[in-house]
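Single-structure report; data block below.
The values are calculated or read from the model by the stated rules, or taken from the named source; none is laboratory data. Small disclaimer: the values here were computed from a predicted structure and weren't measured. So basically every Cβ, Gly included, is an ideal-geometry build from the backbone, and we count neighbours across all protein chains shown.
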Amino acid sequence: MADIIQLLPDHVANQIAAGEVVQRPASVVKELLENAIDAKSSSIKLIVKDSGKTLIQVIDNGVGMSPTDARLSFERHATSKIRSAEDLFSINTKGFRGEALASIAAIAHVELKTKMEDEELGTQIDIEGSEVKSQDVVVTPKGTSIAVKHLFFNIPARRNFLKSNTVELRHIIDEFHRVALAHPDIAFTMHQNGSETFNLPQSNYRQRVVNIFGGKTNEKLVPVDEETEVLKISGFVGKPEFARKTRTEQFFFVNDRFIKSAYLNHAVNSAFEGLIKEGSHPSYFLKLTVDPKTIDINIHPTKTEIKFDDEHTLYAILRSSIKHSLGQFNIAPVLDFDRDQNLDTPYGYKEKSATNPVVEVDRSFNPFQEDTPQKSGGFAPSHRKVPAAQWESLYVGLESRGTKSIRDFSEVEFESESKSEELFSEDTSLDDKKTTYQLHNKYIISTIKSGILVIDQHRAHQRILYERFLKHTTIKEAVSQQLLFPLQLQFSTTEMEVIKQLQPDLEHTGFVFSQVEDTTVEITGVPINVPESEVSIILEQLISDVEQEVPDSSFSATDLLAKSLSKSLAIKRGQTLDGMEQEHLVNSLFACKEPTVSPNQKTTFITMRVDDIDKKFM
Ligand code: ADP
Ligand code: MG
């Protein structure tokens, strides 16, 4: 039989390697920026067009390349950074695999211009899909400029796989931040579609953090400094009260390289234990310096993960030095995490005009009847003491289900601890007694003709709010409440991008913006039901949701906004609801178009049929 194995031609091998190195425009940005740093540049400029889909260019003032090196740099495994396998154990450059330029040139049009300091003239090379189109002598300043155009031009499948411009730009900015944070001693600028989005002068680390994340960041930072034999830590953590819903301000750098480490992240979180509320994340910008021999960064082509020889020690040192800093700067008072109760009564109550207080007389009260305390604790029976007329509106949409059925609920089947009198009463007389129960402050129990309903209060409320927000945004008739004083909020440049993008939709839900500029948002009106104190958290959550969303063709900003707002504002599990609230929730849920699932398609309620219950007693 004939031999069938063939060596792949270089350009095919390069394309395959490119798949590993270049996942998206941001990967190119990372490789080019890192090369510029390795070339000892003091000033680096990044230019992108169409979120990198049309152009990614990095211009540096580094050492440049000789004509031969310029040509060689596009060969696979061509690197000036290591000479032997030994060198792998003491790497202090960003790159060392010699794959990036070869990979990029395999899947894009690349134009390289480079000149070394002492040379008169430089070199220009044009490559398209690994094929050298031209090499010329050019006049060009000291340093290197690499322009990458038409990324994935020869791999349409990959091109089509790219996400929306917003998402790809987000990834690019993330990479830019990571590299710029790791190197405050280098000046960086970034231009997107012709306008400057970042201008970061050479500075110290604190200034770099502030330049990237906005002026308000300064007051949030607590310095962390520690030097031990195995590890040096420097940088900042955010004060606990500024903990965020998002993880976007969490950075570890090990030997000036951005890395992700769930383990070290855990160490930081544990230092903040008890200081921030659940679901919030501390900001941190931490630089760790270790002996390169004690780490292995060669485990992934994109090199954001890392292996430490002695993780446990690092964990302990990191945790204790952060604790120390928080203590030293007096940042560990007992914080009051109680939620603003206003947020938790999101129903129409606040829209309603205040009602005169009434003295309620419980005519059925019998002082001689023994009171039975609720031993179960988790059960909060509700008593309907509200005049029925006031609640008529609640039943809209419920007619078909029959309001009567809601009332023929016999609690005796639930609670053996109920008053003994009730245990034997006829279940027809329940008109002004409890019709819903709250179980463990998370489920509402109610009845239907065929049995009982168990409703997840959080999901149900999310569904209700979601449909309300969707309706408001689509018919553009939201009601907003005017704020007495405009609310000024600060955001980072990237967060501002998201807000600008969502501004029209936000306005349709009832937000009124008087200013959206630079890093400042000024709000003069908010949707009804949105407490002023929660506005910044809500917007942060929204930004985080947009960042985590991987939009596809069906992506809808309106939908995302409605989902995010409903998630932020929905009553939480663990919150006690009184009888009226419980009923309102049940009724509003069944007035929804799609009551069965939450906006994220999770079950909102389950039913238990009497038949099934009967079976359990057989
Ligand atoms: P690596 O960075 O792993 O060495 P690359 O493919 O990224 O591999 O680059 C190949 C080589 O090209 C580098 O080792 C370096 O010598 C040279 N090079 C790349 N970019 C630059 C630059 N901006 N300035 C100077 N030399 C560069
Ligand atoms: Mg490189």
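Of all residues in the range 106-130, those satisfying the criterion of being within 16 Å of ligand 2 (Cβ to nearest atom) and closer than 15 Å to Lys142 by Cβ are Leu112, Thr114.
Return only the number of the condition from (1) buried (at least 17 other Cβ atoms within 10 Å of the Cβ); (2) in the same structural domain as Lys260 (by TED's automatic domain parsing); (3) closer than 20 Å to Glu517 by Cβ that Lys220 does not satisfy. Of (1) buried (at least 17 other Cβ atoms within 10 Å of the Cβ); (2) in the same structural domain as Lys260 (by TED's automatic domain parsing); (3) closer than 20 Å to Glu517 by Cβ, only one is false for Lys220: (3).
Of the helices (runs of 4 or more DSSP H) lying entirely inside the range 513-618, those containing at least 1 residues that are of a type in the set (Asp, Glu) and touching a helix residue (DSSP H, G or I) at 6+ places or on another chain (Cβ under 8 Å) are 535-548, 557-569, 579-590. When Ile82 is tested against the conditions (1) within 13 Å of ligand 2 (Cβ to nearest atom); (2) crowded, with 18+ Cβ neighbours inside 10 Å, the lone failure is (2). Within the range 29-55, residues that are free of Cβ contacts under 8 Å to residues at least 12 places away in the same chain have Cβ atoms under 7 Å from residues that are crowded, with 23+ Cβ neighbours inside 10 Å and in a helix (DSSP H, G or I) in no pair, counting only partners at least 6 apart in sequence or on another chain.
When you scan the range 7-19, do you find a residue that is within 12 Å of ligand 1 (Cβ to nearest atom) and modelled with pLDDT of 85 or more, even just one? No, because not a single residue in the range 7-19 is within 12 Å of ligand 1 (Cβ to nearest atom) and modelled with pLDDT of 85 or more. If we scan the range 89-105, do we find a residue that is away from ligand 2 (no atom under 15 Å from the Cβ), more than 17 Å from Val22 (Cβ to Cβ) and at pLDDT below 95? Yes; the residues of the range 89-105 include at least one that is away from ligand 2 (no atom under 15 Å from the Cβ), more than 17 Å from Val22 (Cβ to Cβ) and at pLDDT below 95.
Residues of the range 29-40 that are within 11 Å of ligand 1 (Cβ to nearest atom) and closer than 13 Å to Val179 by Cα: Lys30, Glu31, Leu32, Leu33, Glu34, Asn35, Ala36, Ile37, Asp38. Anything in the range 1-35 that is surrounded by 13 or more Cβ atoms within 10 Å (Cβ to Cβ) and of a type in the set (A, V, I, L, M, F, W, C)? List them, or say none. Correct list: Ala13, Ala17, Ala18, Val21, Val22, Ala26, Val28, Val29, Leu32, Leu33. Annotation for the range 73-85: no member residue is farther than 18 Å from Val21 by Cβ, within 37 Å of the chain's Cα centre (by Cα) and in the same structural domain as Val167 (by TED's automatic domain parsing). Checking the range 133-150 against the condition returns no match, with no residue being of a type outside the set (Ser, Thr, Tyr), within 16 Å of ligand 2 (Cβ to nearest atom), under 20 Å from the mean Cα position of the chain (by Cα) and within 13 Å of Leu33 (Cβ to Cβ).
The number of residues in the range 36-70 that are outside any loop (DSSP other than H, G, I, E, B) and either surrounded by fewer than 23 Cβ atoms within 10 Å (Cβ to Cβ) or away from ligand 2 (no atom under 13 Å from the Cβ) (or both) comes to 20. Scanning the range 54-81 for residues that are touching a helix residue (DSSP H, G or I) at 6+ places or on another chain (Cβ under 8 Å) and within 6 Å of ligand 1 (Cβ to nearest atom) returns Asp60, Gly62, Ser73, Ala78, Ser80, Lys81. For the range 193-220, residues that are without any contact (Cβ under 8 Å) to a residue 24 or more places away in the chain and closer than 20 Å to Leu288 by Cα total 4. Here Lys30 qualifies as within 12 Å of ligand 2 (Cβ to nearest atom), assigned by TED's automatic domain parsing to the domain that holds His150 and of a type in the set (Lys, Arg). Highlighted here are the strands (runs of 3 or more DSSP E) found entirely within the range 91-168 that include at least 2 residues which are free of Cβ contacts under 8 Å to residues at least 60 places away in the same chain: 109-115, 122-128, 131-138. If you go through the range 114-139 and keep only what is surrounded by 23 or more Cβ atoms within 10 Å (Cβ to Cβ) and within 11 Å of ligand 1 (Cβ to nearest atom), you end up with Thr114, Lys115. Of all residues in the range 561-586, those satisfying the criterion of being more than 21 Å from Ala478 (Cβ to Cβ) and surrounded by fewer than 22 Cβ atoms within 10 Å (Cβ to Cβ) are Lys572, Arg573, Gly574, Gln575, Thr576, Asp578, Gly579, Met580.
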